[in-house]
Amino acid sequence: MDGVAHESGRRTRAKGPSVRRSRAAAAGPAQLGLVSLLRLLGSLCLFFLFGAAVARRKLLIVEVAGRSMEPAYRTGDRLLVRRGGRLRVGRAVLVRKPLGWPGREASGHLVKRVAAIPGAEIPAPFLRVLNAAPGDRVPAGSLLLHGDSPAHSIDSRQLGHFPAADVVGPVLLRLGRGPGAADPRAAVPTLATSDQEL
């Protein structure tokens, strides 16, 4: 008597479609789960590819060569830099070498720390080179930059203002040591190279 149920002495017919639905529902979640999982994996792959394309345009990796940012960054350290972004005092940045850069390599990039942004009061160590008086302000479109190791750094203390437009972007984090780490005392005039992109 399949499909027949007894209720208080009366014979009633069980609803066939609900029985069929329950069997389909039992098989469905496994199939639906697999389809959902495949859709999720596809979405994650697209998201990852899109994110990688955006990251390639926004991020780059540089390797430090020089002692001007010691002890924070040493020769061979690899740094992750974001192109663009807001500048803050105290933040390390990647900047193009200014015109008139001394040394063998007049082009390239430097890693320096922001000492003052446009509109800020010029710090005392920079007053003499800028022929400025206490209370003078950094002009629009300019920055004051310095290395962490004054004895090994050429920066705004010798060269004056750096154009704000020459800043590539802030250093986000140190990734570790690169191949240049084998010779930490190498006398290389450039402090960073940006040939290697993420």
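Taking the number of other C-beta atoms within 10 Å as the exposure measure, put 156, 68, 142 in order starting with the fewest.
Values: 156 27, 68 22, 142 19.
With the fewest neighbours first, 156, 68, 142 line up as 142, 68, 156.
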Subtracting the Cα-Cα distance from 0.36 nm times the residue separation, let me have the gained length for residue 165 to residue 131 in nm, one decimal.
10.0 nm
Footprinting proxy, 111, 171, 129: sorted fewest to most Cβ within 10 Å, the residues are 129, 171, 111
Once both label points are put 7 Å beyond Cα along the C-beta direction, the residue 80-residue 117 separation in nm becomes 2.2
Residue span residue 99 to residue 59: 0.36 nm per residue of separation minus Cα-Cα distance leaves a gain in nm of 11.9 nm
Report the label-to-label distance for residue 43 and residue 174 in nanometres (one decimal), using points 7 Å from each Cα along the Cα→Cβ vector.
4.0
Computed magnitude of the charge dipole of the range 75-147 (debye, nearest 20; Cβ of K, R +1, Cβ of D, E -1):
340
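Each reported figure results from applying straightforward, stated rules to the coordinates on display, with no laboratory input. Given the structure is predicted, the values throughout are model-derived calculations rather than measurements. Positions of Cβ are backbone-derived with ideal geometry, glycine not excepted, and every protein chain shown enters the neighbour counts.
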